[in-house]
Amino acid sequence: MFNNIFENKKIIVTGHTGFKGAWLTLWLLHLKANVVGISKYIPSNPSLFEILELEKNIKHYTADVTDALKIKEIINLEQPDFIFHLAAQPIVSESYVDPYTTFHTNIMGSANILDALRSYTRPCNVVMITSDKCYENVEWIWGYRENDELGGKDPYSASKGAAEIVIRSYVQSFYMNSENIKIVSVRAGNVIGGGDWALNRIVPDCMRSWAEKKQVTLRNPSSTRPWQHVLEPLSGYLRAAQVMFENKKPLQGESFNFGPNAEQDYSVLDLLKKILEYSSFTQEKEHFKIESNNNFHEAGLLKLNCDKAKQYFDWLPALNFDKTAAFTASWYDEYYNKKTAKSIKEFTWQQIVAYTLEAKEKNIAWAL
Ligand SMILES: NC(=O)c1ccc[n+]([C@@H]2O[C@H](COP(=O)([O-])OP(=O)(O)OC[C@H]3O[C@@H](n4cnc5c(N)ncnc54)[C@H](O)[C@@H]3O)[C@@H](O)[C@H]2O)c1
């Protein structure tokens, strides 16, 4: 898997205490990497990071990515071979409550990582995680391509569009001919999977409520999203890092989309019904009720064209819609119905193993 290139490498993961960061950290630990995590806080309770007891197996810094000096100090001290920058304020609704922190964290956090590397002398491969929401969403029916216009109406989307411009500027100004620093940015869509308890995200909201036998109110049941399991973009991030490391293709400053297959566009309602098919949550009344009033703008259709990732990385999604829902539902079932710390840790790792087998069966390059 990944040509074993992560074995014994020093890898900084910012945002490692979050949903995607915890899955990535677990995967990297099984790839025998030395993981150094930088996060400001643990963003949810319960938390996947705590459930997996990741702190026992990594070096953990509680630090703010907006603190430029601290970030530079950690990078210089730890001497990483790879950096995955995930730390962000990632919630659209929260970006309306606190736009300043969203802009500050998501833009200056990215700038601080790239600035710290200007004086770094060892080789380092950097994967900057932004979002599919970095595109100017003109609500068209086609998938967005990496060279489409950047933008973002709500503060979160705008902060990710801005982070992309900052990344592009750093690459063009300082790293275009760098011998040691390689940088790509990666854009993924709405990610689902076990262990997410973020507020105001549809799957975590449902799981929390259904576990307490409460009904969920749906704001935008017909919104279509490019739903994908969390392991899909993570396999893309790891593959991008592998290809950068192996230096087989010039990738400096390139951006890549990682999303589900084009036909995998489903509404919020489709997704929840499918998850319920694979869940054992029981209710006395309906699992959800539909209410279409909300006060803030959230984009309608938004999907990604992933031809570039296929072309450069031989990357494809490994799970269809049913399996994406099944992986997600079964994780929460395991958590809420068994609740033994040991089994859920093992179960989480087994999902990575099962995901890898799915990828192998489809001859996806990273898994072979
Ligand atoms: N989850 C999704 O559906 C999704 C979709 C597209 C992009 N993304 C991006 O993926 C990344 C991870 O998202 P997630 O869902 O795991 O988020 P999360 O909320 O679960 O975790 C966020 C992480 O960022 C850290 N963080 C926040 N502010 C920080 C700061 N100032 N300094 C240091 N650390 C800070 C938190 O401590 C936490 O570790 C984010 O960049 C997000 O924008 C997520």
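Read the figures in this text as sums done on the coordinates, not as results from a lab. Small disclaimer: the values here were computed from a predicted structure and weren't measured. Note that each Cβ is placed from the backbone with ideal geometry, even for glycine, and that neighbours are counted across all protein chains shown.
Sorted ascending by nearby beta carbons within 10 Å, beginning with the fewest, 209, 159 become 209, 159. Bridgeable aspartates and glutamates around residue 153 (alpha carbons under 17 Å apart, same-chain partners fewer than 8 residues away excluded): 94, 98, 132, 136, 139, 164, 298. With neighbours defined as other Cβ atoms within 10 Å of a residue's Cβ, the residues 1, 207 order from fewest to most as 1, 207. Structural size metrics of segment 150-214, computed from C-alpha coordinates, are Rg and Dmax of 18.0, 57 Å.
Estimated at 0.36 nm per residue, the fully extended path between residue 320 and residue 349 surpasses their Cα-Cα distance by 8.5 nm. Taking each residue as 0.36 nm, the span from residue 140 to residue 199 lengthens on full extension beyond its C-alpha to C-alpha distance by 18.4 nm. The modelled label-to-label distance for the pair residue 246/residue 174, using points 7 Å beyond Cα in the direction of Cβ, is 3.0 nm. Rounded to the nearest 20 debye, the dipole size of segment 1-130 about its Cα centre is 380 debye, using +1 on the Cβ of Lys and Arg and -1 on the Cβ of Asp and Glu. Using only alpha carbons, segment 164-282 has a radius of gyration to Kirkwood radius ratio (Rg to Rh) of 1.11. How high is the relative contact order of the chain, in percent, with contacts defined as C-alpha pairs under 8 Å that are six or more residues apart? In percent, rounded to a whole number, it is 18.
Scaling against 2.2 N^0.38 Å puts the C-alpha radius of gyration of segment 203-336 at 1.25.
So in the chain, what percent of DSSP beta bridges are antiparallel if you round to the nearest 5?
If we restrict to bridges inside the chain, about 10 percent are antiparallel.
For 134, 306, the sequence from fewest to most other C-beta atoms within 10 Å is 134, 306.
Using 19 Å as the Cα-Cα cut-off, could you pick out the over-long pairs in 323/360; 40/182; 32/59; 9/32; 249/303; 10/32? Pairs exceeding the cut-off: 40/182; 249/303.
Estimated from the Cβ-Cβ distance and a Förster radius of 41 angstrom, the FRET efficiency linking residue 361 and residue 212 is about 0.65.
Quick one: angle between helix 202-211 and the longest Cα principal axis of the chain, in degrees between 0 and 90, rounded to 10, please. Between helix and principal axis, roughly 50 degrees.
Direction-averaged shadow area of the convex hull around the Cα atoms of segment 1-96, nm²? Walk me through the intermediate numbers first.
On the way: hull surface 26.4 nm².
It is 6.6 nm².
Here r is the Cβ-Cβ distance between residue 147 and residue 337 and R0 is 45 Å; the resulting FRET efficiency, rounded to 0.05, is 0.45.
Figure legend: label point modelled 7 angstrom from the Cα of residue 269 along Cα→Cβ; residues of segment 214-240 with amide N under 19 Å from it are 215-227. For the chain, the ratio of Cα radius of gyration to the globular rule of thumb 2.2 N^0.38 Å stands at 0.93. Taking θ as phi - 60° and the Karplus parameters 6.51, -1.76 and 1.60, the scalar couplings of segment 189-197 work out to x, 5, 9, 10, x, x, x, 8, 10 Hz in sequence order, x denoting glycine and proline. Multiplying the residue separation of residue 277 and residue 96 by 0.36 nm and removing their Cα-Cα distance gives an extension gain of 61.8 nm.
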